[in-house]
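Following: one structure in C-alpha cells, then a few remarks.
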There are 2 protein chains.
Amino acid sequence: MSPATDPPKRRTFRGLPLEQRQRERHERFMEAGLALYGVRGYHGVTVRELCTEARLTERYFYESFKDREALFGEVYQRQVEQLRGRVLEVIRRHQPDPRAMARAGLETFFQGLREDPRCARILFVDVLSISPAMTEQSRQVTSGLSGFLLQFTQALYPQLKGSGLDPQIIATGLVGACINVAMHWVYDGFEQPVESVRDNCYALFEAMILSWSVKTSTAG
Amino acid sequence: MSPATDPPKRRTFRGLPLEQRQRERHERFMEAGLALYGVRGYHGVTVRELCTEARLTERYFYESFKDREALFGEVYQRQVEQLRGRVLEVIRRHQPDPRAMARAGLETFFQGLREDPRCARILFVDVLSISPAMTEQSRQVTSGLSGFLLQFTQALYPQLKGSGLDPQIIATGLVGACINVAMHWVYDGFEQPVESVRDNCYALFEAMILSWSVKTSTAG
DNA sequence: ATAAATTGACAATCAGTGTTGTCAATTTAC
DNA sequence: GTAAATTGACAACACTGATTGTCAATTTAT
C-alpha cells in the first residue's frame, strides 16, 4: 500500500550504538526536567526550555516522550523510587531496633530533600495539579507510604489493634505531618538542623504509639 | 494634552447604582471561580469559561480583576477566612473545656470541607502551584494556623515548655496531618464518617500532648 | 423623544506553545 | 570517495488563550 520507503538503517554514531545514544538523550531530558520542573514547577516550563536545558532539540524530545506530562511522570516516578529506596535501605540496615529504624528512616528522608530540594516540589506540590492521572499516581504513592507505615508499626506493636482508632487514618496523618514539616523546612531554607526535624517527627510517631499502647493496655 | 473625552457620567441601571452593579458582577465571578477552580483546578480554567459560568463577558472580568490569578487569590482568601471563622467561632462556643474545643474545631473543619469539597482543592492543592506570590500567601496562612495551634496548646498546657522538642515543628506536623487526612477523605468521597476522622485527628493531638506532659513531668 | 450611558455578544489582536517539517552540515559504512 | 544515516538549528503550522476593541441593542435621564 505505502510507496515503500525503506526504513533508515540503524548504525553507530560517535562510536555509540543507537540504543545508547537514545538512552543518553532520554537521560539528559530527565535531568532537564528535574532542573526546571523542580524549580519553576510544571506549568511554568515549556518544551523548548527543556530542550535548551538538555542541549537537544524538539525532535528528540518527542522521540523520548509522548508529551510534556510524560516527562514529568517519569521524573516524578524516579524521584519517588530513589528516595523510597534510600529510606528502605537505611531502615533495613538498622534492624531490628525499631526506634533506630524509625529515626534513621526519617533522617534519610529529610536528608534526601535537603540534598535536592527540587525533589520536594516535584513530589509534593506540582504532581497534584497536573492532571487527574498524575494526581492518582501521587495518591497511590502516598497511600503506599501510609500502608508501609501501617505495616511497620503494627508489626512492632501488635497490641495496637482494637484501640477504637482507625490505623489507616492515623498513618495518613503521620505521613501528612512529615510532608508538611518537610515542605516548610525546605521553603525556610533548612533553618533547623536535620536532627531537630528528625527528632520532632519521630516524637509524633512515638507519641502516637505511646498513646496507643496506653489506650489498649488500659482498655484491654 | 489628551483630546479631552469627557468621562462617562455614572448613573443607575435597572434601579441599581453603579457600585452595586459592580459588586454583583464581582460576586458572580467569585462564585464562578469557586465553581471552576474548585473542580478543575487553576490551570485548567480559562477566562472565557469563567465568564460563561458567571454569565458575564470578558470586559467585566477585567473590570473586577487584574487577571486570572487575582480572581484566584480573592477566592482563596475568602475560603480561608470563611472556614477559619467558622472554626474559631465554634471553638469559642465550647470554652473552656479544651477537649471539647479541639474536637469541635476539628469537626467543623472537616464538615466545612465536606459541605464544599471545592474548598479543599483551592486551599490545599492549586494554591501551591500558581506563582511564588500565591505560594507565599498560602504559607502565611498555614503558618498562621500553626501559630494559633501553638498558642492554643501552650495556653492549655504551660508545662509543655522545655521538653526539648520544637513546638513550632510539632505544630506544623499536626497541621499537616489534618490537611493530609482531609485531602484523602475528600478524594475518597467521604467514606469514613466525620466523627471517625475527627476522633482520629484529635487522637494525634491528644497523643502529642500526653507524650509531652509525660516527658516534662518525668524530666522536671 | 432624544442623547448618553450601559450592556452583551463577539470580532480582532497579540503572544505563546505544542508539534511537525525542512534542510544543510556532519559522521559513518562500504 | 560516496551515499546514506544522523544531527542540529530553526522554520512552519495549528491551536489555545489573554486581552482589547467594535457595535448594535437596551435602558436611563432629561
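Criterion first (away from DNA strand D (no atom under 16 Å from the Cβ), within 14 Å of chain B (Cβ to nearest Cβ), within 30 Å of residue A:144 (Cα to Cα) and in a loop (DSSP other than H, G, I, E, B)) does residue A:45 satisfy it? Steps first, answer last, please.
On the way: away from DNA strand D (no atom under 16 Å from the Cβ): yes; within 14 Å of chain B (Cβ to nearest Cβ): yes; within 30 Å of residue A:144 (Cα to Cα): yes; in a loop (DSSP other than H, G, I, E, B): yes.
So residue A:45 passes the test.
So how many residues does region B:5-42 have that are more than 10 Å from DNA strand D (Cβ to nearest atom), among the aromatic types (Phe, Trp, Tyr) and within 14 Å of chain A (Cβ to nearest Cβ)? If you could, list the steps in order and put the result at the bottom.
Just the residues of region B:5-42 that are more than 10 Å from DNA strand D (Cβ to nearest atom), to begin with: B:5-8, B:18-41.
The next check asks that each one be among the aromatic types (Phe, Trp, Tyr); those that pass are B:29, B:37.
The next check asks that each one be within 14 Å of chain A (Cβ to nearest Cβ); those that pass are B:37.
Selection size over region B:5-42: 1.
Looking at residue A:102 and the list (1) more than 12 Å from chain B (Cβ to nearest Cβ); (2) modelled with pLDDT of 95 or more; (3) buried (at least 19 other Cβ atoms within 10 Å of the Cβ), which single condition is not satisfied?
(2)
Scan region B:144-177 for residues that are facing another protein chain (nearest Cβ under 8 Å) and either aliphatic (A, V, I, L, M) or within 21 Å of the chain's Cα centre (by Cα) (or both) and report the count.
Total meeting the criteria: 9.
Do we find a residue being on the phi < 0 side of the Ramachandran plot and within 15 Å of DNA strand C (Cβ to nearest atom) anywhere in region A:116-127? Can you show your working first?
Here is the first cut: in region A:116-127, the ones on the phi < 0 side of the Ramachandran plot are A:116-127.
Narrowing further to those that are within 15 Å of DNA strand C (Cβ to nearest atom): A:126.
There is at least one residue in region A:116-127 that is on the phi < 0 side of the Ramachandran plot and within 15 Å of DNA strand C (Cβ to nearest atom).
Quickly run through region A:57-99 and pick out the residues that are touching a residue at least 40 places away in the same chain (Cβ under 8 Å), away from chain B (no Cβ under 14 Å) and within 16 Å of DNA strand D (Cβ to nearest atom).
Selection gives A:63, A:64.
Could you check region A:147-196 and list, in sequence order, the residues that are under 18 Å from residue B:175 (Cα atoms) and outside any helix (DSSP H, G or I)?
A:188
Hey, among A:27, A:49, A:58, which residue is in contact with a Cys (Cβ under 7 Å, 6 or more places away or on another chain) and surrounded by 11 or more Cβ atoms within 10 Å (Cβ to Cβ)? Spell out how you get there, then give the answer.
Numbers: A:27 fails: in contact with a Cys (Cβ under 7 Å, 6 or more places away or on another chain); A:49 fails: in contact with a Cys (Cβ under 7 Å, 6 or more places away or on another chain).
After ruling out the rest, the residue left standing is A:58.
The values are calculated or read from the model by the stated rules, or taken from the named source; none is laboratory data. None of these values were measured; they are calculated from a predicted model. Don't worry about glycine lacking a Cβ; one is built from the backbone with ideal geometry, like all the others, and counts go over all protein chains shown.
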